[in-house]
Amino acid sequence: MNEIRQLSTSVINKIAAGEVIERPASVVKELVENSLDAGATRIDVTVEKGGSELIRVTDNGHGVPVDQIPLAVASHATSKIRDADDLFRVGTLGFRGEALASIAEVSRLVFRSRPADAEAAAELEIVGGRQEPIRPTGAPQGTMVEVQQLFFNTPVRHKFLRTTQTEMGHLTEAITRLALAHPEVHFTITHGGRQTHDLPPTDDLTERVAMLFGEELAAGLIPVEAIDEDVSLSGYVANPTHSRGNNRMQYLFLNGRFIRDRSLQHALGEAYRGLLLTGRYPICFLHLKLDPAAVDVNVHPTKLEVRFAEGGRIYSHLLGTLRTKFLSTDLVARANLPRDTQLGDKSLSDEDEVQQATPEKSELFDWAKRQLGSSGGADVPPFQPFPSEGGDRKPLELHKVDLPRIRPGPEPPSSGERVEEANPTARAGGYVAGGYDGKEAVGETHRFDRPHTLALQIHNRYLVTETEEGLEVIDQHALHERILYEALREKVLSGALESQKLLVPEPVDVAANEAAAVLEQKELLAQLGIEVEPFGGETLLVSSYPAMLANLAPAEVLRELIEKLLAGGKLPDSRDLLDELLHMMSCKAAVKYGDSLTPEEVTALLEQRHLAQDHHHCPHGRPTALVFTREQLDRQFKRI
Ligand code: ADP
Ligand code: MG
């Protein structure tokens, strides 16, 4: 065995550098964090060759007195904590006191600083960990740290550096995170002599988002704020029309520090469940503020991950806040017309829209929720299909549900006749249901006072309807599916789903592993109104069946269920599974793309849409309707 030896400081620093300094972006992160901790209001980052040649960070912070400069670059020397107890109330970004020492070990580093009260600046140069004497120099107040030839003395690390473009990408991302955490600080980035970013200070986070990601994303942001006794949540989430194929645009900040937290990401995903297509991820810019004692930031060398004392509470706080917000937000999908015709959108930002629409809508949503949650029986998922007799699909039975009348007004007209009088030509291309009296004064009545909206079914697929803003094209299947999905979910969760005992239980033959999978999920299926029993060998008996699926053969539904149960090999958690099954059932029970609907059916479907909390998206996250504003049309027809 080799002799045990104490490692030299230099080796220790190199090991530490290995943990903290992975690439140029890590250096930039550490340096900019130091500038922020020093109270800088302006930070300029200059880079050559993606940071491998040069990284220079200049700030106007409080600086370091000349006698302290050697300590700044010494390992385990920090001005930010004093003792171990301070570790539990860290309010600064740094505290380990090892970043500068580590960087100095693997580069040529110059640290130049001048506090406000000093007559001149002082400068210390360290080459591969070896300090030169400190010398006075001229410089404005603040600190400049220059890192040249990163990893020049650690060839292995150097070899791992990627192309300039890749390194620059990481580096920009690191600054983006810091700039989003601190919109009040002015940042600039210059690469290869060209300024790539100039982010002036602002107190409006959306302005910073617009500078970094474009106006379009920023305009569609939904503000979020929920401050309770010890957790404060504020910031923005993106409208579901904006999403990404990965979760990298989820910017979560905890006490000003960018973090990655699986549990919070999950909460975010849950909040958008049903609003985004599978495989799409929400975008957010959210700031959490907590008592520093309630979180341990000392669990990860780069502090990217943290540990919450009360993770569960923060999870529910985030999820609850977003859910409530979405219930009162109009998440309608805008029709995607060519860009130059979209000016209509800009005149009314989403925020304005939300604020205008919120009170009445939440009232309506609350009402709808109560309706869905209460009692079994009469208000079963509306639009309930009939059991089929003799093969032919019977017309769908429509239960009319009266919409609440928020403000007193005339009774809505009965469907049919009145429209034909008012607009006889409208029948030509399909059915017309209901009648929206275009003369009604806008502003006097709320949009939802008029459930009877003109609607024309086209190609047995879409319903076209006039709205105050312009016109809306509704996907009949997607909308019905959404309504059924929500109704069904409420029923299932409140245990009020109607299930019919089959007079003669239906045997279904399946494979042995399939039977096992079904029986394993027996309880979950019972919640969905499907009762199955083993019937020896590879046969299952379906003894109860949900009323709403009456027109579908139990065997067919069971086979689909099995497919879901066995998909991917691994059983999904029961909540996901339940959700999948709800999707499947509502999809099966909904009117199809291609079904011809009677005027009454069209009316009923449109009336039901406001019962759904989010009638703008089908359960898979596709939009149920597209809006074309009058202004867009006017533009397309070159009227304006
Ligand atoms: P830490 O940030 O964890 O304390 P660092 O090695 O990053 O450790 O920095 C060491 C110390 O150097 C800091 O505690 C701070 O006092 C000082 N320092 C570093 N950069 C700056 C700066 N830009 N402005 C003022 N002080 C700085
Ligand atoms: Mg630091």
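The values are calculated or read from the model by the stated rules, or taken from the named source; none is laboratory data. Because the structure is a prediction, the values reported are computed rather than measured. Using ideal geometry, Cβ is built from the backbone for each residue, glycine included, and neighbour counts are taken over all protein chains shown.
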Item checked: Filter result for the condition that a residue is more than 11 Å from ligand 1 (Cβ to nearest atom), more than 26 Å from Ala293 (Cα to Cα) and surrounded by fewer than 16 Cβ atoms within 10 Å (Cβ to Cβ), over Thr46, Thr9 -> Thr9
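Would the range 618-636 turn up any residue that is over 29 Å from Thr278 (Cβ atoms) and hydrophobic (A, V, I, L, M, F, W, C)? Walk me through how you get there before you give the answer.
Looking only at the range 618-636, we keep the residues that are over 29 Å from Thr278 (Cβ atoms), and these are 629-636.
From what's left, hydrophobic (A, V, I, L, M, F, W, C): 633.
Among the residues of the range 618-636, at least one is over 29 Å from Thr278 (Cβ atoms) and hydrophobic (A, V, I, L, M, F, W, C), which makes the answer yes.
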Note to self: Looking at Pro136 and the list (1) modelled with pLDDT of 85 or more; (2) touching a Leu at 6+ places or on another chain (Cβ under 7 Å); (3) of a type outside the set (Lys, Arg), which single condition is not satisfied?
What the structure shows: (2)
Checklist line | Number of the exception - Phe152 against (1) in contact with a Leu (Cβ under 8 Å, 6 or more places away or on another chain); (2) under 25 Å from Ile12 (Cα atoms); (3) in a loop (DSSP other than H, G, I, E, B); (4) not hydroxyl-bearing (Ser, Thr, Tyr) | finding: (1)
Next item on the list: Could you tell me which numbered condition Gly129 fails, if it satisfies all but one of (1) surrounded by fewer than 22 Cβ atoms within 10 Å (Cβ to Cβ); (2) modelled with pLDDT under 95; (3) away from ligand 2 (no atom under 16 Å from the Cβ)?
Entry: (1)
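Would you please name the residue that is nearest to Thr176 (Cα to Cα), looking only at residues in the range 205-215 that are charged (D, E, K, R) and modelled with pLDDT of 95 or more? Before the answer, list the steps.
Of all residues in the range 205-215, those charged (D, E, K, R) come to 207-208, 215.
Of the ones still in play, those that are also modelled with pLDDT of 95 or more are 207-208.
Details: Glu207: 13, Arg208: 10 Å.
Step by step, filter the range 205-215, then rank; the result is Arg208.
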Next item on the list: Given the conditions (1) modelled with pLDDT of 90 or more; (2) of a type in the set (A, V, I, L, M); (3) over 13 Å from the mean Cα position of the chain (by Cα), report the number of the one that Ile283 does not fulfil.
Entry: (3)
Check: Pairs, please: C-beta under 8 Å, at least 6 apart or cross-chain, first residue in a helix (DSSP H, G or I) and in the range 61-82, second within 13 Å of ligand 2 (Cβ to nearest atom)?
Finding: Gln68/Ser79; Ile69/Phe111; Leu71/Ala77; Ala72/Val64; Ala72/Leu100; Ala72/Phe111
Item checked: Selection count, the range 88-109, where residues are near ligand 1 (Cβ under 8 Å from one of its atoms) and not in a helix (DSSP H, G or I) -> 7
Next item on the list: Output the qualifying pairs, or none if there are none: Cβ atoms under 6 angstrom, residues six or more apart or on different chains, first residue in the range 260-272 and among the charged types (D, E, K, R), second residue at pLDDT 90 or above.
Entry: Glu270/Leu319
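Glu98: crowded, with 21+ Cβ neighbours inside 10 Å, within 13 Å of ligand 2 (Cβ to nearest atom) and of a type in the set (Asp, Glu), yes or no?
On the way: crowded, with 21+ Cβ neighbours inside 10 Å: yes; within 13 Å of ligand 2 (Cβ to nearest atom): yes; of a type in the set (Asp, Glu): yes.
Yes: the conditions hold for Glu98.
If you check Ser52, Ser35, which single one turns out to be within 9 Å of ligand 1 (Cβ to nearest atom) and among the polar types (S, T, N, Q)?
Values: Ser52 fails: within 9 Å of ligand 1 (Cβ to nearest atom).
Among Ser52, Ser35, only Ser35 is within 9 Å of ligand 1 (Cβ to nearest atom) and among the polar types (S, T, N, Q).
With the structure loaded, tell me whether Ala612 is modelled with pLDDT of 80 or more and crowded, with 20+ Cβ neighbours inside 10 Å or whether it fails that test. Talk me through it step by step, then tell me what you get.
Numbers: modelled with pLDDT of 80 or more: no; crowded, with 20+ Cβ neighbours inside 10 Å: yes.
No: the conditions fail for Ala612.
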Next item on the list: Select from the range 209-227 the residues that are of a type in the set (Val, Ile, Thr), in a strand (DSSP E or B) and touching a residue at least 12 places away in the same chain (Cβ under 8 Å) and list them in ascending order.
Entry: Ile222, Val224
Item checked: Conditions (1) farther than 28 Å from Asn13 by Cβ; (2) within 16 Å of ligand 1 (Cβ to nearest atom); number of the one not met by Arg112 -> (1)
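From the list Glu33, Glu22, which one is under 33 Å from the mean Cα position of the chain (by Cα), within 16 Å of ligand 2 (Cβ to nearest atom), of a type outside the set (S, T, N, Q) and not in a loop (DSSP other than H, G, I, E, B)?
On the way: Glu22 fails: not in a loop (DSSP other than H, G, I, E, B).
Of the residues listed, the single one that is under 33 Å from the mean Cα position of the chain (by Cα), within 16 Å of ligand 2 (Cβ to nearest atom), of a type outside the set (S, T, N, Q) and not in a loop (DSSP other than H, G, I, E, B) is Glu33.
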Checklist line | Residue satisfying condition, being away from ligand 2 (no atom under 16 Å from the Cβ), under 17 Å from Lys49 (Cα atoms) and not acidic (Asp, Glu), within set Thr154, Thr190, Thr137, Thr176 | finding: Thr190
Check: Where residues in the range 62-85 are within 9 Å of ligand 1 (Cβ to nearest atom) and over 25 Å from Val127 (Cβ atoms), which of them is surrounded by the fewest Cβ atoms within 10 Å (Cβ to Cβ)?
Finding: Lys80
Margin query: List the residue pairs whose Cβ atoms are under 6 Å apart, where the first residue sits in the range 23-35 and is in contact (Cβ under 8 Å) with a residue 12 or more places away in the chain, the second is within 7 Å of ligand 1 (Cβ to nearest atom) and assigned to a helix (DSSP H, G or I), and the two are 6 or more positions apart or on different chains.
Written below: Glu30/Ala99
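Here are some residues: Leu277, Leu254, Leu318. Which one is surrounded by 21 or more Cβ atoms within 10 Å (Cβ to Cβ) and either over 30 Å from Ala478 (Cβ atoms) or modelled with pLDDT under 85 (or both)? Reasoning before the result, please.
Working: Leu277 fails: surrounded by 21 or more Cβ atoms within 10 Å (Cβ to Cβ); Leu318 fails: either over 30 Å from Ala478 (Cβ atoms) or modelled with pLDDT under 85 (or both).
None of the others qualify; the one that does is Leu254.
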Margin query: Kindly evaluate Gly39 against the criterion of being more than 12 Å from ligand 2 (Cβ to nearest atom), free of Cβ contacts under 8 Å to residues at least 24 places away in the same chain and surrounded by fewer than 20 Cβ atoms within 10 Å (Cβ to Cβ).
Written below: yes
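Restricting attention to the range 180-195, does a residue exist that is in a helix (DSSP H, G or I) and either surrounded by 16 or more Cβ atoms within 10 Å (Cβ to Cβ) or at negative phi (or both)?
yes
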Note to self: All but one of (1) modelled with pLDDT of 90 or more; (2) away from ligand 2 (no atom under 16 Å from the Cβ) hold for Gly142; state the number of the condition that does not hold.
What the structure shows: (2)
Next item on the list: Output the residue which, of all residues in the range 110-126 that are charged (D, E, K, R) and part of a loop (DSSP other than H, G, I, E, B), is surrounded by the fewest Cβ atoms within 10 Å (Cβ to Cβ).
Entry: Glu119
Notebook entry, point to check: Taking the range 465-475 as the search range and keeping residues that are of a type in the set (A, V, I, L, M) and surrounded by fewer than 19 Cβ atoms within 10 Å (Cβ to Cβ), which one is farthest from Thr598 (Cα to Cα)?
Noted result: Leu471
Notebook entry, point to check: Restricting attention to the range 62-95, and to residues there that are away from ligand 2 (no atom under 11 Å from the Cβ) and of a type in the set (D, E, K, R), which single residue is farthest from Pro140 (Cα to Cα)?
Noted result: Asp85
Next item on the list: Restricting attention to helices (runs of 4 or more DSSP H) lying wholly within the range 459-556, give those where 1 or more residues are at pLDDT 85 or above and closer than 15 Å to Lys588 by Cα.
Entry: 476-493
